[in-house]
Structures are given as C-alpha cells and as structure tokens.
Amino acid sequence: MYSDRGLNGPIGSILFPINHGMLYFVGFTLIEPFLVHGPARICHGERLIYLARYRERVLDLPHAPSIAYPKLADFDEHHIFKADGLIHRDGVLPAD
C-alpha cells in the first residue's frame with residue numbers, strides 16, 4: 001500500500017513535510033514509522049500482535065532505526081549536495 005508502486009506511494013514521501021519540514025528542522029531525531037495497515041479490518045488477535053510489537057518498539061526507542069537526513073554542512077555554498085548520492089524524501093540514497 002505504501003511503496004514506490006503502491007496505491008498511496010512511499011510512506012516516507014507522505015510523511016516528509018512533517019518529518020523533515022517540521023520535526024527534523026527543529027532538532028528532532030526521526031525514527032522509521034511503525035505502520036499497521038487497515039487496523040479497523042484486522043481481527044482482535046492480529047491487533048494484539050501489533051500492540052505487542054508496538055510496545056516492544058516503544059520500550060526499545062533508543063535502538064529504533066532512524067531516518068538520516070543531510071545536514072546543512074553537507075551542502076556547498078550554492079546549496080548543492082556535496083556527497084555522492086541523491087537526496088530522497090526518505091533520506092539520503094547512496095550513489096549507484
């Protein structure tokens with residue numbers, strides 16, 4: 001559902017204005033989102049499994065995978081990205 005070829009596109013692109021434009025901008029460290037697709041359409045047992053996974057995720061927040069956005073120092077005086085690689089809404093992609 002949330003992927004390059006999914007109905008809604010990649011979740012990183014959808015969340016980019018919030019993650020980068022609001023949270024990262026003021027100094028937050030961003031972590032990968034925890035997604036549950038169609039929670040209203042899953043059975044109670046599946047919901048309990050997701051809740052247990054979410055609880056584990058929250059209890060282990062210091063080790064949660066973060067989203068790496070480039071820093072201002074990664075750009076030259078013309079605001080061009082210096083490193084080999086592309087800037088993507090999901091973070092920095094390495095060069096081919």
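For ILE31, which sequence-distant residues (separation of 5 or more, or a different chain) have an amide H within less than 5 Å of its own amide H, given hydrogens modelled in the peptide plane?
Long-range HN contacts for ILE31: ILE67.
Quote the charge dipole size of the chain about the Cα centre in Debye, to the nearest 20; the model charges only the Cβ of Lys and Arg (+1) and of Asp and Glu (-1).
Roughly 540 debye for the chain.
Bear in mind these aren't lab numbers, they're just calculated from the coordinates by the rules spelled out. Note that the structure is a prediction, hence the values are computed from the model and not measured. Neighbour counts are summed over all protein chains in view; Cβ atoms, including those assigned to glycine, are modelled from backbone coordinates with ideal geometry.
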